[in-house]
Amino acid sequence: MKQPSLIGLQIHALCYVVANLIQALVWWLFTPDLHFWPIWSILGWGAGLLAHYWSVHIARARRRAAS
């Protein structure tokens with residue numbers, strides 16, 4: 001059975017991909033002549049997703065190695 005923290009990370013990643021694809025689609029359909037505004041969501045949320053990944057994988061490995 002997967003750990004709850006890993007399941008949470010997978011859900012977070014899935015939501016990230018779906019939401020940003022929808023935003024990119026909205027941009028492409030309605031405002032393709034403007035700058036690619038979904039980039040702000042992609043970068044901002046991506047930073048949060050990266051921190052979540054770090055907390056699940058890297059920090060856990062460091063805690064395991066320290067004990």
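We did not get these values from a lab; they are worked out from the coordinates using the rules stated. Since the model is a prediction, treat every value here as computed from it, not as a measurement. All Cβ positions, glycine included, derive from the backbone under ideal geometry; neighbour counts span all protein chains shown.
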Could you grab the pairs with beta carbons closer than 9 Å, sequence gap of 6+ or different chains, first residue in region 34-59 and farther than 15 Å from Ala19 by Cβ, second one part of a loop (DSSP other than H, G, I, E, B) and of a type outside the set (Lys, Arg)?
Val56/Gln3
Within the chain, considering only helices (runs of 4 or more DSSP H) that don't extend past its boundaries, which have at least 2 residues that are surrounded by 14 or more Cβ atoms within 10 Å (Cβ to Cβ)?
4-30, 38-53
